[in-house]
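Heads up, the thing below is written out as structure tokens.
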Amino acid sequence: EAVVTRERQLTDAFVELTDTLVGDFDVVDLLHQLTMRCVRLLDVDAAGLLLADRQGRLRPMAASTEQARMLKLLALHDVDGPGLDCYRTGEPVTSADLVAEGGRWPRFAAAAQLTGFVAVQALPMRHHDRVIGALTLLRTAPGRLTTDELHIGQALANVATISILQQRRLERHEAATEQLQTALNSRTLIEQATGVLAERHRSDMDHAFNSLCTYARSRGLRLSEAAHAVIHGEHDITQPPADDHSRWRGTGNAG
């Protein structure tokens, strides 16, 4: 029964993600949904997507939790961490025990342990020979993902990559770079709006982000459009959601 349920979840995940890849879809929302699916389908406690900007620096694009420690941990990949190694080599990078391998990525390992994570798997976001980022999967207990889980994780990373590159002949480098930068700029705007809502409602960042998502979806807006409205006072989200049980919410805990 457990196997059937997991297979059904996996099938549903790819069907729903494929259905999203039509028309003028919201890249940021799609990538957030994908990180939540990683936590639900794989033996991991948190997931984050890192994209390279115009200067080739890795920046957090989406995460399964919006807690500040998690976002700071992802941001460290620009100078140190498995995501950076994965992005540079285009190959998966694994650490089953960051405590034992602390010398490999000193700053990242120390920050990860403070956040409650002790194992990590990074998978490349790659299309043909071009790598645009990395999917980072984090665990609160030592250990490695199974071969099947690695295949699922890589397939999800491939969906994320295709979602970014598919529009307007984005295989061309210049167009792809412009689209990536637009998505990264949207992410910054969404982080600012989440902070505004968290302060306004005196809630944590996860509840504030879920409130923004609920608001955007209920009005058919992109997350970036909803964020712009919040920041500029065009709309007021008066109540944060008690707990978003939408179909995209994962079951993992970032600690």
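The values are calculated or read from the model by the stated rules, or taken from the named source; none is laboratory data. Note that this is a predicted model, so its numbers are computed, not measured. Glycine gets a Cβ as well: all are built from the backbone with ideal geometry, and neighbour counts include every protein chain shown. These area figures cover heavy atoms from the full protein model, side chains too; ligands, DNA and RNA do not enter into them. Shrake-Rupley method; radii C 1.70, N 1.55, O 1.52, S 1.80 Å.
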Just to check your reading of the model, which residue among 136, 115, 140 is closer than 17 Å to residue 42 by Cα and open to solvent by 10 Å² or more (accessible area, probe 1.4 Å)? 140
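Sort out which residues of segment 38-59 are closer than 18 Å to residue 213 by Cβ and surrounded by fewer than 24 Cβ atoms within 10 Å (Cβ to Cβ), and write them in order of number. Before the answer, list the steps.
So in segment 38-59, the residues closer than 18 Å to residue 213 by Cβ come out as 38-40, 46-49.
39, 40, listed by residue number.
In this structure, is residue 101 over 18 Å from the mean Cα position of the chain (by Cα), closer than 15 Å to residue 153 by Cβ and surrounded by fewer than 17 Cβ atoms within 10 Å (Cβ to Cβ)?
no
Taking segment 136-149, which residues are more than 21 Å from residue 65 (Cα to Cα) and in a helix (DSSP H, G or I)?
Pass one, segment 136-149, residues more than 21 Å from residue 65 (Cα to Cα): 143-144, 146-148.
Matches in segment 136-149: 147, 148.
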Any residue that is over 18 Å from the mean Cα position of the chain (by Cα), in a helix (DSSP H, G or I) and modelled with pLDDT of 85 or more - is there at least one of those in segment 38-48? no
If you go through segment 104-131, how many residues are more than 19 Å from residue 152 (Cα to Cα) and of a type outside the set (Phe, Trp, Tyr)? 14
Residue count for segment 60-98, restricted to those that are surrounded by fewer than 19 Cβ atoms within 10 Å (Cβ to Cβ), touching a Leu at 6+ places or on another chain (Cβ under 9 Å) and among the hydroxyl-bearing types (Ser, Thr, Tyr): 1
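Tally up the residues in segment 122-131 that are open to solvent by less than 70 Å² (accessible area, probe 1.4 Å) and in contact with a Gly (Cβ under 7 Å, 6 or more places away or on another chain), please.
In the first step, residues of segment 122-131 are kept if they are open to solvent by less than 70 Å² (accessible area, probe 1.4 Å); the result is 122-125, 127, 130-131.
Cutting the leftovers down to in contact with a Gly (Cβ under 7 Å, 6 or more places away or on another chain) gives us 122-125, 131.
Counting residues in segment 122-131 that are open to solvent by less than 70 Å² (accessible area, probe 1.4 Å) and in contact with a Gly (Cβ under 7 Å, 6 or more places away or on another chain) gives 5.
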Selected residue (criterion: farthest from residue 51 (Cα to Cα)) from residues of segment 188-234 that are among the polar types (S, T, N, Q) and assigned to a helix (DSSP H, G or I): 218
Please count how many residues of segment 172-191 are over 14 Å from residue 60 (Cβ atoms), at pLDDT 75 or above and open to solvent by 50 Å² or more (accessible area, probe 1.4 Å). 1
